[in-house]
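For reference, the structure is listed below as structure tokens.
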Amino acid sequence: MKKLLVLFALAAFVLGAAGMAHAVDVKATGEFKANYTYWGNQDWTKSYSGNNQQKHNSMQHRARVYFNFRANENVNMNVAFEIGSTLWGDARSDRGGDISADAISVKVKRAYLEFKWPTYQSLITTVGTMGAVLPNSGYFGSAILDDDMSGITVANKWNDMVSTVLGYWRLKDSNTSFAGARVAEGNTAFDATLLAVPLTFDGFKLKPFVTVAFLGKNFGGITPSNFSSLTSYSGTGEFKNQATPWWVGSGFEVNVLDPFVIYADFNYGSMDQKAKNQDRSGWLADLAVQYNGLSWFVPSLSAWYASGVDSRDSNGDERMPVISGSWTQSNMLNLGGRILNDDTGKIAYVGSWGIGAKLEKISFIEDLRHDLVFSFYKGTNHKDAAANGLTYGTDLTTKDTVFAIDFNNTYKIMEELSFIADLGIAWPNFHKNTWRPVAGNAVDNQTQMWRTSVGFVYKF
């Protein structure tokens, strides 16, 4: 924290000096989260001989501060710092959670420049480390990519109906020393490009996109086993040639039937390799119908289907490759937590299908809101694929199901400060004969997972 204060003071001094020549409008926003979380049976397993139940509790906090420095209406710079997440009592040198709390825990989350061409105001260029997400309907989130990354985007609004977005990001370069970079140019990098054409009509929005990535053959010497989110679940050895994974898709939003709103997404992705057992291609489609005609709660129904692995491992993986997705149905089982350490990403949405129901913004008392979410997951992966590299408790076969309930509660203490109290519970039904060769006694002792979390969220 001392280092952060020194940094802010230095920035204020520099900006103050610069302000003598040019006035700069500075705005700050941010959030602070602090909460306690308790997990029970996070590995889906109750106690049995030689194994204890996986339970843990934790207290943590995190601060994020966003600064916008605007010289004029055409150009601004954005910088975001993140302090934490800090687990209380964490003694690791880079966490600062133990006594004295003097550690390197301040990180630069974003730093980018955004400007318009003075003679062409609809053209907006963004360059630096930014938050980026592939187009989606907005109900589930992106199933492919939603994260902070470094690159450049150029967006233009041609008219009230048609816009375009061009993007390039260098997601990672495993040649960290850059020694001999001219010789290995491109072979150690993972790049991604984007072309999106958002279309807006009366009562209808369409968000088509295509993303092409370039994965160097020497990118960290990766194998299917240590980069499974992008590559196949099976096969051996490192990649033998440069890969060019690609995705196409679109988000849909239809509100012509107001107060009914329909959300939908379709995504397809593919990556070919010389070794056919390292190929990967698949798709995901989802649909949600939301009703906004009630004053005291907002109901919605949803469904999704994603392709799964077949019974053979010689022909690759039939699931859609994923870079860093944010697709969420259950706040507990997917990466959709509202505070800290309250989600798991436990259930893989690729290789699954399911249905869901939400009752959101339930309110009987002023400033007190409840959200109730029901989620049913079933696998689309063939049961014989379990022995070929699928992960027990995360990947679901056609023989497996999981049912979950999220009950989230928010009390607004004041406009900027809220108290959060969330409960989640999920019941597994993993097919014992399918998973016993992989999980052993754990599958015979499976039990429900549950989580409770309480804390505060301050936004300004």
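The values are calculated or read from the model by the stated rules, or taken from the named source; none is laboratory data. These numbers were taken from a predicted model, which means no experiment stands behind them. Cβ: placed from backbone, ideal geometry, glycine included. Neighbour counts: every protein chain shown. The protein model used for the area step is the full one, side chains on, heavy atoms only, and it has no ligands, DNA or RNA in it. Shrake-Rupley method; radii C 1.70, N 1.55, O 1.52, S 1.80 Å.
Here are the numbers for this structure:
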quantity: For region 26-163: rounded, prolate or oblate by the Cα gyration tensor [a/c cutoff 1.5]; calculated: oblate
quantity: Peptides ranked, highest mean first, by Cβ atoms within 10 Å: ranges 143-154, 330-341, 285-296; calculated: 330-341, 143-154, 285-296
quantity: Separation of alpha-carbon centers, region 339-379 and region 247-300, rounded to whole Å; calculated: 16
quantity: Three-way shape call for region 305-460 based on the alpha-carbon gyration tensor, with the a/c threshold at 1.5; calculated: prolate
quantity: Cα centre as origin, Lys/Arg/Asp/Glu Cβ charges: region 291-388 dipole, Debye; calculated: 120
quantity: From phi via Karplus (6.51, -1.76, 1.60), per-residue ³J(HN,Hα) for region 370-378 in Hz, x at Gly/Pro; calculated: 10, 10, 10, 10, 10, 9, 10, 10, 9
quantity: Burial order of peptide ranges 210-217, 195-202, 265-272 (average beta-carbon count within 10 Å, highest first); calculated: 265-272, 210-217, 195-202
quantity: Cα-based convex hull, region 415-460, per residue volume (Å³, whole number); calculated: 101
quantity: Accessible area of region 54-162 divided out per residue, in Å², using a probe of 1.4 angstrom; calculated: 52
quantity: Carbon and sulfur %, accessible surface of region 261-339 computed with the full protein complex present, 1.4 Å; calculated: 57
quantity: Residue-wise HN-Hα coupling along region 60-68, computed from phi with Karplus coefficients 6.51, -1.76, 1.60 (Hz; x: Gly, Pro); calculated: 8, 8, 7, 10, 10, 10, 10, 10, 10
